[in-house]
Amino acid sequence: MTIKTLLLIIAATCSVALSAQTDNPELSAVKETLRYYLDGGAQGDTALFAKAFLPEGQMIFIDKGKTTIVPLRDFVARQKPGVTSERQSRIVSIEIHENAATAHLELITPKFIFNDYMNLLKTENGWKIVNKIFHRQEKP
């Protein structure tokens with residue numbers, strides 16, 4: 001097998017996998033839930049922000065070497081209505097398998113870069129974030 005043939009096979013395989021993910025009818029619903037989180041947080045719209053989460057879920061992170069677990073209902077309650085956030089955000093990736101999904105988000109603020117990793121489940125009320133972990137990096 002030549003290198004050219006091998007590269008064509010790899011490209012075709014990647015193309016099929018990407019196409020399968022792109023054609024998934026649930027993709028827009030997952031993106032909508034992620035936008036509730038991103039836009040609600042940036043705009044200080046606490047009602048929109050809350051729509052993204054399953055209250056029984058958890059946010060887990062490490063701060064100064066200590067693992068901290070926060071119920072998502074408490075995380076949502078801490079959001080201040082009307083307080084906007086100066087940040088840029090983007091959805092880096094989404095992977096969906098029937099009723100479970102994972103997403104990587106990037107939020108860039110004047111002081112920090114956050115990499116959020118969300119686990120979502122398709123509930124009777126639509127897609128909800130059930131678990132959030134993140135890494136916060138200070139900007140140079």
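For the reader, a short list of remarks on this structure follows.
- Note on region 23-44 and region 83-122: Cα centroid distance 9 Å, given to the nearest whole angstrom.
- A crude spin-label estimate for the pair ARG90 and ILE69, with each label 7 Å from Cα along the Cβ direction, gives 3.4 nm.
- Here region 26-138 is treated as an ellipsoid with the same Cα gyration tensor; its semi-axes, largest first and in whole Å, are 20, 16, 15.
- With each label modelled as a point 7 angstrom along the Cα→C-beta vector, the GLU138-VAL83 pair spans 2.2 nm.
- Loop-located trypsin sites (Lys or Arg not before Pro) in region 42-92 (DSSP state other than H, G, I, E, B) with a sparse environment of at most 13 neighbouring Cβ atoms within 10 Å: LYS64, ARG78.
- Listed pairs LYS51/LYS139; LYS64/LYS132; LYS51/LYS111; LYS80/LYS132 exceeding 21 Å between Cα atoms: LYS51/LYS139; LYS51/LYS111
- Region 16-140, dipole about Cα centre (Lys/Arg Cβ +1, Asp/Glu Cβ -1), debye to the nearest 20: 540
- Potential extension, TYR117-LEU27 segment - 0.36 nm per residue separation minus Cα distance: 30.8 nm
Read-outs throughout are calculated quantities, based only on the coordinates presented, and are distinct from any laboratory measurement. Because the structure is predicted, anything quoted here is derived from the model rather than measured. Using ideal geometry, Cβ is built from the backbone for each residue, glycine included, and neighbour counts are taken over all protein chains shown.
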